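A short write-up of the structure that comes next.
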Amino acid sequence: MEKLKDALNFSDFSKAERIGLIIFSVFLLTFPWIGAGSFTTTVMIQFLLFSLFGMGWNTIGGYGGQVELGKAQYVGIGSYTVALMMVWWKVPFWVSMPIGILIAVGYSFIIGYPLFRLKGHYFAIATICTSLVLKDIFDNWNLVGAAKGIELPIHDHPDFLYMQFKSDTYYYYFIMALFYIGLFYMNWFRKSKLGYQLRMIKDDENAAESLGIDIRWCKIKAYSIASAFVAVGGGFMAVYNLYIDPASTMELSLSIKIALMAMLGGAASLWGPIIGAAFLVPLDRFLGSWLGGQKGLTGIDFMIYAGLIMIVSAYQPRGIWGIIEQFRKRGH
Amino acid sequence: MSFLTVENIVKDFGGLVANNNISFAIEEGEIIGLIGPNGAGKTTLFNCIVGYHRPDSGKVTFREKDITGFKPFETNRAGIGRTFQIMKVTTGMTVLENVMVGSFCRTNDRNTARGEALHVLGDLALDAVKDYYINELPIAIQRKVGLARALATKPALLMLDEVASGLNPTEIEEVVELLRRLNSAKKITLFLIEHIMEMVMKVSQRVIVLDYGEKIAEGLPADIVKNENVIKAYLGEKYAQGL
């Protein structure tokens, strides 16, 4: 009960932030009614999905300060668990999803244990490697469809057991609900014992150890929480796309996007991953589709994308949220 | 059995023997000073006890428990707190949050941790700076925050690595008062590395002297300053004559 209260308590934020959150929430709730085309709805779903990924990444990557670049493998674990259980045994989403989370958490403990012997760049490289290995396995594993991927059996609309719908509006509200669960969880997390301990680890590992913190265990715990978040998003991807393959769920670029969005928005802040996703997802989509249609301009969207990231990270390492806070401080 | 017993500690950094066969014991409630020239192995000895280094041989016993080779977080949970000579100037957490991390060592509840952190801050007269980030504070206050952080873990033995270096005489006076108060009111045993002789002599009840990794003397402050080996190795003739 106490935890739930903490999760719903935003009182330590400034008034502007709280009003912002309310306006944002009203916008999210009413979005499907205010002139949403199918394209914008897709973009919004992507935005919420990547916010969820980013919030998960933020536990270990933001608060814990570990450069984690292997989150895609957990997207894969989540989506493959849901898809395969549905194809093989007709298991409903609400059963396969928790199992997917459990597998992701179990797997994260197993690889997290050796992984967190490493620090800094070596850790970052190792996370990339573990993700690549898993993708290679799935690429060549015939039982799970290898590189061709797997298609999910289609059910009648609307199916709340298997979470299959014809209209994107249903998916939109579904991912929005997951987004809010994630947001409330993170709001509790940042004030929890683990949250504090991770920030200390990020600041000064030696001091953290002298304050009774088992650094490796803390990192593993945060890493598995991140993995659970990402696996949920992966499960959603499976029922939303109705088709998954290793390229769309376990690619290195997906891992990087997840980390990048959170970092660009502002790591170690509750709003950071949301802001990052709100910038990059539409940019990615709109620029991509607009410039992609123009003759001779294909690919320029990637340059703009990359340029923006470089500008923000050079100007303020704490991302867009860091820039906003900087201006606010100046205003006082 | 003593409160903390160190027996025959050896730490060899590939040819450089930082600690050679060091033994001593500390009783509960004492204030012990550890002195010696630069590179004598004082910080290494601290690290061997607390667990940042694993001694090559020897044994550390704390409250009748063998803690040799424990990790730093384990020795901390066993009741040993420590502060660092150089406090990393960080920007990520406020003073209150820093001290709360210390309190979280003994509780899982945030409100309890916050309450205890505020209590420690009040005790060290740091209330006024609780919402500052460490990089915004002068060095004397930073040191105190490091001390508050360690105190919040409720140690029975507190090991202080040059807590007074870089402070002016008034600030040193304050630290001396504070350490005495912690020792008498909170019954915390203190073990401190210190370069400022004035402070060592004032505050410690017993002094251990290291030189080139060996223990060359141990005794009452008044005897230590007259000890020939210590004068030769560390204090210098001038200091001895000035007494």
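Can you tell me which of (1) away from chain A (no Cβ under 13 Å); (2) part of a helix (DSSP H, G or I); (3) over 25 Å from B:S2 (Cα atoms) is the one B:R181 doesn't meet?
Exception for B:R181: condition (3).
If I ask for residues that are polar (S, T, N, Q) and at the interface with chain A (Cβ under 8 Å from one of its Cβ atoms), which ones from region B:108-118 would you list? First the steps, then the outcome.
At the first step, the residues of region B:108-118 found to be polar (S, T, N, Q) are B:108, B:111-112.
The answer is B:N108, and nothing else.
Here's a check for you: in region B:132-159, which residue that is part of a strand (DSSP E or B) and within 12 Å of chain A (Cβ to nearest Cβ) is nearest to the chain's Cα centre (by Cα)?
Start the filter on region B:132-159 by keeping residues that are part of a strand (DSSP E or B), which leaves B:133, B:157-159.
Filter once more, so that each one left must be within 12 Å of chain A (Cβ to nearest Cβ): B:133, B:158-159.
Numbers: B:Y133: 24, B:L158: 6, B:M159: 2 Å.
The qualifying residue nearest to the chain's Cα centre (by Cα) is B:M159.
Which residues, counting only those in region A:100-144, are closer than 18 Å to A:W57 by Cβ and of a type in the set (S, T, Y)?
Answer for region A:100-144, where residues must be closer than 18 Å to A:W57 by Cβ and of a type in the set (S, T, Y): A:Y107, A:S108, A:T127, A:T130, A:S131.
For (1) of a type in the set (F, W, Y); (2) within 14 Å of another protein chain (Cβ to nearest Cβ); (3) in contact with a Gly (Cβ under 9 Å, 6 or more places away or on another chain), each residue gets a yes or a no:
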position	(1), (2), (3)
A:I244	no, no, yes
A:T249	no, no, yes
A:I256	no, no, no
A:L264	no, no, yes
A:G276	no, no, yes
A:L280	no, no, yes
A:F286	yes, no, no
A:L297	no, no, no
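Could you please give the count of residues in region B:90-107 that are part of a helix (DSSP H, G or I) and either surrounded by fewer than 23 Cβ atoms within 10 Å (Cβ to Cβ) or within 10 Å of chain A (Cβ to nearest Cβ) (or both)?
Of the residues in region B:90-107, the ones part of a helix (DSSP H, G or I) are B:95-103.
Checking which are either surrounded by fewer than 23 Cβ atoms within 10 Å (Cβ to Cβ) or within 10 Å of chain A (Cβ to nearest Cβ) (or both) leaves us with B:96-103.
Counting residues in region B:90-107 that are part of a helix (DSSP H, G or I) and either surrounded by fewer than 23 Cβ atoms within 10 Å (Cβ to Cβ) or within 10 Å of chain A (Cβ to nearest Cβ) (or both) gives 8.
Would you mind telling me which numbered condition in (1) under 30 Å from B:E198 (Cβ atoms); (2) acidic (D, E); (3) surrounded by fewer than 17 Cβ atoms within 10 Å (Cβ to Cβ) B:E30 fails?
(3) is the only condition that B:E30 fails.
Please indicate, with yes or no, whether at least one residue in region B:8-21 is of a type in the set (D, E, K, R), assigned to a strand (DSSP E or B) and either at pLDDT below 95 or in the same structural domain as B:F104 (by TED's automatic domain parsing) (or both). Reasoning before the result, please.
Narrowing region B:8-21 to residues of a type in the set (D, E, K, R): B:11-12.
Then drop every residue that is not assigned to a strand (DSSP E or B), which leaves B:11-12.
Now narrow it down to the ones that are either at pLDDT below 95 or in the same structural domain as B:F104 (by TED's automatic domain parsing) (or both): B:11-12.
There is at least one residue in region B:8-21 that is of a type in the set (D, E, K, R), assigned to a strand (DSSP E or B) and either at pLDDT below 95 or in the same structural domain as B:F104 (by TED's automatic domain parsing) (or both).
Test of understanding: among A:L211, A:L198, which residue is touching a Gly at 6+ places or on another chain (Cβ under 8 Å), buried (at least 24 other Cβ atoms within 10 Å of the Cβ), of a type in the set (A, V, I, L, M) and free of Cβ contacts under 8 Å to residues at least 40 places away in the same chain? Outline the logic, then answer.
On the way: A:L198 fails: free of Cβ contacts under 8 Å to residues at least 40 places away in the same chain.
Residue meeting the stated conditions: A:L211.
Which one is nearest to B:G146 (Cα to Cα) among residues in region B:35-87 that are of a type in the set (S, T, Y) and more than 10 Å from chain A (Cβ to nearest Cβ)?
We begin by selecting, within region B:35-87, every residue of a type in the set (S, T, Y); these are B:43-44, B:52, B:57, B:61, B:68, B:75, B:83.
Those still in the list that are more than 10 Å from chain A (Cβ to nearest Cβ) too: B:43-44, B:57, B:61, B:68.
Values: B:T43: 17, B:T44: 19, B:S57: 30, B:T61: 25, B:T68: 25 Å.
Per the criteria, the residue is B:T43.
Residues that are over 21 Å from the mean Cα position of the chain (by Cα) and β-branched (V, I, T), at least 3 per element: which helices (runs of 4 or more DSSP H) completely within region A:1-88 meet that?
Values: elements: A:2-8, A:15-30, A:38-57.
Ranges flagged: A:15-30.
What about A:N241, is it surrounded by fewer than 19 Cβ atoms within 10 Å (Cβ to Cβ) and closer than 22 Å to A:I181 by Cβ?
Values: surrounded by fewer than 19 Cβ atoms within 10 Å (Cβ to Cβ): yes; closer than 22 Å to A:I181 by Cβ: yes.
In short, yes.
Which helices (runs of 4 or more DSSP H) sit wholly inside region A:282-332 and have at least 3 residues that are surrounded by 12 or more Cβ atoms within 10 Å (Cβ to Cβ) and modelled with pLDDT under 80? Let's see the steps before the verdict.
On the way: elements: A:288-293, A:300-315, A:319-331.
Correct list: A:288-293, A:300-315.
The values are calculated or read from the model by the stated rules, or taken from the named source; none is laboratory data. The model shown is predicted, which means the values in this text are computed figures rather than measured ones. All Cβ positions, even for glycine, are placed from backbone atoms using ideal geometry, and neighbour counts span all protein chains on display.
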